[in-house]
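Notes follow once the structure below has been shown.
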Amino acid sequence: MSMEPESFLLGPTEGPAARVLNAGGRARAVLICEHASRFIPAKLDGLGLSQTAARSHAAWDIGAFELAVELCGALDAPLVYSRASRLVYDCNRPPEAPDAIPVKSEVFAVPGNVRLTEADRDLREAAVYLPFRELLSDTLNARLAAPLVITIHSFTPVYLGQAREVELGILHDTDDRAARALLSAAEGSGLHCALNEPYSAADGVTHTLREHAIPRGLPNVMVEIRNDLLADAQGVNRMAGLLTPMLLRIMRDLVPDDDADGR
């Protein structure tokens, strides 16, 4: 693919739009973080956001990238992540979805996304979404054995004035093998866990699983952590410590291999 659209939107020191960490990781798993960053290219002039909105959960999944990096090391798995704010383009949405480039996210208006032309939307798609999609596809295709696909997200404790008690949300689309296995593995963790909360496939949040895992027949799960549990390094470390043995367990159950350590 030509990199012209990405180069046009992202300045010379701002790219690339997506990266992979630990591409050669040995685990039979691939980690994904679509909402890793709140970065907005300079050419978009901050999308007209208030400072509060630009730093809020609307712009990114707070703590999700830090958690994904810890899991990347603990599992020895590749991690594919987007480097642009989901308000520029939400890499967990298909181009035809209205909220791929939202004009409002929860209570936050996004002035820079209002009245975009089709060409404007095409540019965002080409600059942000397509590089992410291609990098993830290439990473999955490069695996010698079928991996478990794990997407890492976080969510705000209060949404539209409603408090959320769930701490670990485990989401699935049409393939529920990994989600149900993770829910079972989470028993005794002390976390308030729930299946398909605070979102479900009906909310349009499983695009990555639908696009990349389900067509390949790969077991997959979307992990949602309430972001107050990821507010600092200590919280991130605690959650990584809880999730690592759970994920290792379902990797052994769903994608076993011959390595002694189960990776």
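Where a number appears in this text, it was derived from the coordinates with a stated rule and is not lab data. Quantities reported herein were computed from a predicted structural model and do not represent experimental measurements. Don't worry about glycine lacking a Cβ; one is built from the backbone with ideal geometry, like all the others, and counts go over all protein chains shown.
Remarks
- Dividing the summed -39500 (n - 2.57) terms of all DSSP H runs of n ≥ 4 by the residue count of the chain sets its mean residue ellipticity at 222 nm at -8500 deg cm²/dmol.
- Sequentially through the stretch 107-124, phi angles give Karplus couplings (6.51, -1.76, 1.60; θ = phi - 60°) of 9, 9, 6, 10, x, x, 9, 7, 6, 6, 7, 4, 5, 4, 5, 4, 5, 4 Hz, Gly and Pro residues having no value and appearing as x.
- Once you reduce the stretch 227-244 and the stretch 1-52 to the center of their Cα atoms, the two points are 23 Å from each other.
- Cα-Cα separations in the chain greater than 23 Å, expressed as whole percent: 49 percent
- Cα-based helix-to-principal-axis angle, 64-75 vs the chain, degrees rounded to 10: 30 degrees
- For the stretch 151-204, the set of GluC sites (Glu not before Pro) satisfying both a DSSP loop assignment and a count of at most 10 other C-beta atoms within 10 Å is given as Glu165, Glu187.
- Between helix 233-254 and the chain: long-axis angle, C-alpha atoms, 0 to 90°, nearest 10: 60 degrees
- Kirkwood Rh, angstrom, the stretch 147-263 [1 / mean 1/r, Cα pairs]: 14.7 Å
- For the chain, the dipole from Cβ point charges (+1 on Lys and Arg, -1 on Asp and Glu) about the Cα centre works out to 160 debye, to the nearest 20.
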